[in-house]
1. Which of the residues that make up segment B:112-126 are touching a strand residue (DSSP E or B) at 6+ places or on another chain (Cβ under 9 Å) and open to solvent by less than 50 Å² (accessible area, probe 1.4 Å)?
2. Mind listing whichever residues of segment B:67-100 are in contact with a strand residue (DSSP E or B) (Cβ under 9 Å, 6 or more places away or on another chain) and β-branched (Val, Ile, Thr)?
3. Just one of (1) out of contact with any helix residue (DSSP H, G or I) (no Cβ under 6 Å at 6 or more places or on another chain); (2) open to solvent by less than 70 Å² (accessible area, probe 1.4 Å); (3) within 30 Å of residue B:130 (Cβ to Cβ); (4) at pLDDT below 95 trips up residue A:13, so point out which.
4. Can you tell me which residue is surrounded by the most Cβ atoms within 10 Å (Cβ to Cβ) among those in segment B:69-104 that are free of Cβ contacts under 8 Å to residues at least 40 places away in the same chain and not in a helix (DSSP H, G or I)?
5. Could you please find all residues in segment B:18-43 being hydrophobic (A, V, I, L, M, F, W, C) and either more than 28 Å from residue A:3 (Cα to Cα) or under 13 Å from the mean Cα position of the chain (by Cα) (or both)?
6. Can you find even one residue in segment A:35-49 that is closer than 26 Å to residue B:85 by Cβ, in contact with a His (Cβ under 9 Å, 6 or more places away or on another chain) and open to solvent by 60 Å² or more (accessible area, probe 1.4 Å)?
7. Got a number for residues in segment B:50-64 being within 11 Å of another protein chain (Cβ to nearest Cβ) and surrounded by fewer than 17 Cβ atoms within 10 Å (Cβ to Cβ)?
Amino acid sequence: MMATLIKAYKAGKITRYQIMMECLHMIDPQHPELVLEPLPPEVHDEILDYASRYDPKKPAPKERLVLMPAADQVDAARSWITKLRSP
Amino acid sequence: MIAAQGPSSNWRPNPDGRKRTMREAYDIARQHGVEIPDYVEFHVLPKGYPMAVNQFAKTTEFREFDGTVIQWDKFLNQRGKVPFLVKPDVMTSDEAIVAVFGHEVFEIECLRRRFDSNAPIEAWEAETCPNNEGNTHSQAWDYANSLVARMRGVA
């Protein structure tokens, strides 16, 4: 699945936001590296950007059943990328 | 008038069962009145890429909490285009090609006008939600159904 997503992203078949969202949903909070490691740096940027505005205390979309990434998935991704980038 | 929530009839498969290439699909859509803007790209859904059973095509779906502002550039791929993934089955029916391409172009043109200067997630939800009568999504189905009716000579 990761190979399919990355290939589609690099070919311009999906956006950076799309690959970011698909990947967040796949993250096992105990092993975020399995999903995050193969991603290009700009997708890591997109994830950090999403994590910075992610606030589960805010109301979720009402119009339809939209599956949001879970808080532990977003937290695990933020921590892993931040650690990767720390000197 | 009750706005459409999907195709008004089953699309006829191509008589010879022929599956169109993407280039042929662009030509067929244009021949039947779909004006595909330069900033839009259609691609066949890659094998293994998930898509809901009741979807024919998809582009970026936003999953944000209320109040988040969506910028137009979030709709765009690395080439600055809006990419749509089309289910492979669509390519086996010229009617499906015209309807799906027409629907997506109609919808994204409306969204572009709305999101050019950015807009909140609530606006995107309201306009693209399948069960919101009269919104952009249902108007796009009205348009798509009218294109197919014209192909059949009944409009």
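1. B:115, B:119, B:121, B:123, B:124
2. Matches in segment B:67-100: B:68, B:69, B:70, B:82, B:86, B:90, B:97, B:100.
3. (4)
4. Across segment B:69-104, the extreme among qualifying residues is B:77.
5. B:28, B:29, B:34, B:36, B:40, B:42
6. There is no residue in segment A:35-49 that is closer than 26 Å to residue B:85 by Cβ, in contact with a His (Cβ under 9 Å, 6 or more places away or on another chain) and open to solvent by 60 Å² or more (accessible area, probe 1.4 Å).
7. Residues that pass the stated criteria total 2.
Okay, residues lined up against (1) of a type in the set (Phe, Trp, Tyr); (2) farther than 16 Å from residue B:112 by Cα:
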position	(1), (2)
B:31	no, yes
B:39	yes, no
B:45	no, yes
B:51	no, yes
B:70	no, no
B:92	no, yes
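The values are calculated or read from the model by the stated rules, or taken from the named source; none is laboratory data. Just so it is clear, the model here is predicted, and its values are computed rather than measured. Neighbour counts are summed over all protein chains in view; Cβ atoms, including those assigned to glycine, are modelled from backbone coordinates with ideal geometry. Each accessible area value is taken on the protein alone, full model and side chains, heavy atoms only, with ligands, DNA and RNA left out. Shrake-Rupley method; radii C 1.70, N 1.55, O 1.52, S 1.80 Å.
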